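The structure appears right after this line, and notes come after that.
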Amino acid sequence: QPENLQKNWLREFYQVVHTHKPHFMALHCQEFGGKNYEASMSHVDKFVKELLSSDAMKDYNRARVYLDENYKSQEHFTALGSFYFLHESLKNIYQFDFKAKKYKKVTGKEIYSDTLESTPMLEKEKFPQDYFPECKWSRKGFIRTRWCITDCAFDLVNIHLFHDASNLIAWETSPSVYSGIRHKALGYVLDRIIDQRFEKVSYFVFGDFNFRLDAKAVVETLCAKATMQTIRAADTNEVVKLIFRESDNDRKVMLQLEKKLFDYFNQDVFRDNNGTALLEFDRELSVFKDRLYELDISFPP
């Protein structure tokens, strides 16, 4: 329901703009156009026009929009969208040209779409298919832009890392195989943005990391006193469901785990105090503690 979702989303977004009044704003989107790109791209165009012309954004007289809409290119398509808005009070904003290796002054509003590979004002890359062979056509990758405001240069990286394809596989080992794939991809991006080709600057990485809690540790903690029943497919003998029941209390079902299902009987554990009790299982970033610093998480999963 893009029309309904977009209306609500934009209202929230404009409220944030009104509250914080940022002078420089970056908006990073992933899976732009949804899963059905051909049918959805008309909604994307409306979304972009609304953002650039709305009354709430009237004080942002310069903008850069980069949309990877080239969905027919299996080799390059990432479905990433990066928006940058500059307030009229900001003077002398420059953006880096990666081909010319020099900064260019930012004026006016410009939209780039389709084949971003030919746009020198960004670096865009899709992760190699062998990073995530389970997915026939993965769209995961990153877009990087570089900016300079009053002699302060920084990179902004829009990133989309790999998801967990199956809860059943994710819970088998700790850390999960998917966690390892995400580490590999994120390490690749961090190596790229600090390599020798360009001067090193500060960087901000934000997007959809797809980080998960350590599934095995979470299940073992939530179901410490439960007994596990394994359900297999009759034709293939493949595990299709795990059912965790309380040992007593009429063998009440605590958790049902399937490929795409994690149904725990007490949802409050994820909401109480913004899920703080679960943060001990939030371990994926620890591998990068010397390279990335994450702000405190103050919202529920």
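The values are calculated or read from the model by the stated rules, or taken from the named source; none is laboratory data. Worth saying up front: this structure is predicted, and the values here are computed from it rather than measured. Here Cβ is always computed from backbone atoms with ideal geometry, including for glycine, and neighbour counts include all displayed protein chains. Accessible surface is based on the protein model in full, side chains and every heavy atom, while ligands, DNA and RNA are left aside. Shrake-Rupley method; radii C 1.70, N 1.55, O 1.52, S 1.80 Å.
Those strands (runs of 3 or more DSSP E) of region 202-301 in which 3 or more residues are of a type in the set (D, E, K, R) and in contact with a strand residue (DSSP E or B) (Cβ under 7 Å, 6 or more places away or on another chain) occupy 239-246. Put simply, of 209, 204 the only residue that is modelled with pLDDT of 95 or more, surrounded by 14 or more Cβ atoms within 10 Å (Cβ to Cβ) and either among the aromatic types (Phe, Trp, Tyr) or closer than 21 Å to residue 148 by Cα (or both) is 209.
Only a single item in (1) in a loop (DSSP other than H, G, I, E, B); (2) open to solvent by 10 Å² or more (accessible area, probe 1.4 Å) is not met by residue 39, and it is number (1). In region 57-80, of all residues being modelled with pLDDT of 95 or more and of a type outside the set (A, V, I, L, M), the one that is surrounded by the fewest Cβ atoms within 10 Å (Cβ to Cβ) corresponds to 58.
Residue-by-condition table, conditions (1) over 30 Å from residue 89 (Cα atoms); (2) modelled with pLDDT under 95:
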{"position": "132", "(1), (2)": "yes, yes"}
{"position": "139", "(1), (2)": "yes, yes"}
{"position": "144", "(1), (2)": "no, no"}
{"position": "151", "(1), (2)": "no, yes"}
{"position": "154", "(1), (2)": "no, no"}
{"position": "168", "(1), (2)": "yes, no"}
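Examine region 203-210 for a residue that is under 30 Å from residue 101 (Cα atoms) and in contact with a helix residue (DSSP H, G or I) (Cβ under 6 Å, 6 or more places away or on another chain), and state whether such a residue exists. Checking region 203-210: at least one residue is under 30 Å from residue 101 (Cα atoms) and in contact with a helix residue (DSSP H, G or I) (Cβ under 6 Å, 6 or more places away or on another chain). Here residue 162 fulfils each of the conditions (1) surrounded by fewer than 18 Cβ atoms within 10 Å (Cβ to Cβ); (2) touching a Cys at 6+ places or on another chain (Cβ under 9 Å) apart from (1). Within region 232-252, the set of residues being open to solvent by 50 Å² or more (accessible area, probe 1.4 Å), at pLDDT 95 or above and under 16 Å from residue 221 (Cα atoms) comprises just one member, 245. When 261, 278, 255 are checked against the criterion of being touching a Pro at 6+ places or on another chain (Cβ under 9 Å) and either of a type outside the set (Phe, Trp, Tyr) or loosely packed, with under 11 Cβ neighbours inside 10 Å (or both), 278 stands alone in meeting it. Residue pairs whose Cβ atoms lie under 9 Å apart, sitting 6 or more positions apart in sequence or on different chains, and linking a residue in region 265-277 that is at positive phi to a partner that is modelled with pLDDT of 90 or more and in a helix (DSSP H, G or I), are 275/269. Counting only residues that are under 19 Å from residue 152 (Cβ atoms) and open to solvent by less than 20 Å² (accessible area, probe 1.4 Å), region 81-90 holds 3 of them.
Summed over region 115-148, the residues that are in a loop (DSSP other than H, G, I, E, B) and open to solvent by less than 70 Å² (accessible area, probe 1.4 Å) give a count of 12.
Residue pairs whose Cβ atoms lie under 9 Å apart, separated by 6 or more positions or on different chains, with the first residue in region 188-210 and basic (Lys, Arg) and the second in a helix (DSSP H, G or I), are 200/193.
Filtering region 166-181 to residues that are assigned to a loop (DSSP other than H, G, I, E, B) and without any contact (Cβ under 8 Å) to a residue 60 or more places away in the chain leaves 172, 173, 174, 176.
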